[in-house]
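Notes follow once the structure below has been shown.
The values are calculated or read from the model by the stated rules, or taken from the named source; none is laboratory data. Since the structure is predicted, the reported quantities are computational estimates derived from the model, not experimental observations. Heads up, the Cβs are rebuilt from the backbone with ideal geometry, glycines too, and the neighbour counts pull from every protein chain shown. To get the accessible areas, we keep the full protein, side chains included, count just its heavy atoms, and leave off ligands, DNA and RNA. Shrake-Rupley method; radii C 1.70, N 1.55, O 1.52, S 1.80 Å.
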Amino acid sequence: MNNRNRNSDPNNELYQALLTLKTPEECYQFFLDLCTQAEMKAMEQRFDVAKMLRAGSIYHDILEETSASSATISRVNRCLLNGSGGYEMVFKRLEEKKR
């Protein structure tokens, strides 16, 4: 776990609750109740930025397509390079699912 999440608890029941969700619609409904609209948009934007960075897009193109700030793009890039590996794990699983 990286330092910015040192106060988080990976054993929190929230993460078990997420594992009970079965469809994208269920996930969406749960997150609508759990998060503000701004939080939802921010998470969606960070995920889009991560996909684009992983695909080799440059900051300028990411900024134009996602409207993310350069700080957000840099932060996501740091997570991709030195984070806990969560993005990469999810991207690999999504790729496997497409096959």
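Below, the figures for the structure above:
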{"quantity": "Value at 222 nm in deg cm²/dmol, rounded to 500, when DSSP H runs of n ≥ 4 in the chain each add -39,500 (n - 2.57)", "calculated": "-22000 deg cm²/dmol"}
{"quantity": "Distance cut-off 22 Å, percentage of C-alpha pairs in the chain lying past it", "calculated": "39"}
{"quantity": "Reach of Lys98 by Cα under 20 Å, taken over lysines that are not fewer than 8 positions away in the same chain", "calculated": "Lys22, Lys51"}
{"quantity": "Total formal charge among the other residues, if their Cβ is under 14 angstrom from that of Leu21, Lys/Arg +1 and Asp/Glu -1", "calculated": "-3"}
{"quantity": "Separation of the Tyr15 and Val90 label points, Cα + 7 Å toward Cβ, nm", "calculated": "1.4"}
{"quantity": "The chain, accessible surface, carbon-and-sulfur percent (1.4 angstrom probe)", "calculated": "51"}
{"quantity": "Charge context of Glu88, other residues only, Cβ under 12 angstrom, K/R +1, D/E -1", "calculated": "+3"}
{"quantity": "Accessible area expressed per residue, the stretch 1-91, with surrounding protein chains retained (probe 1.4 Å, Å²)", "calculated": "74"}
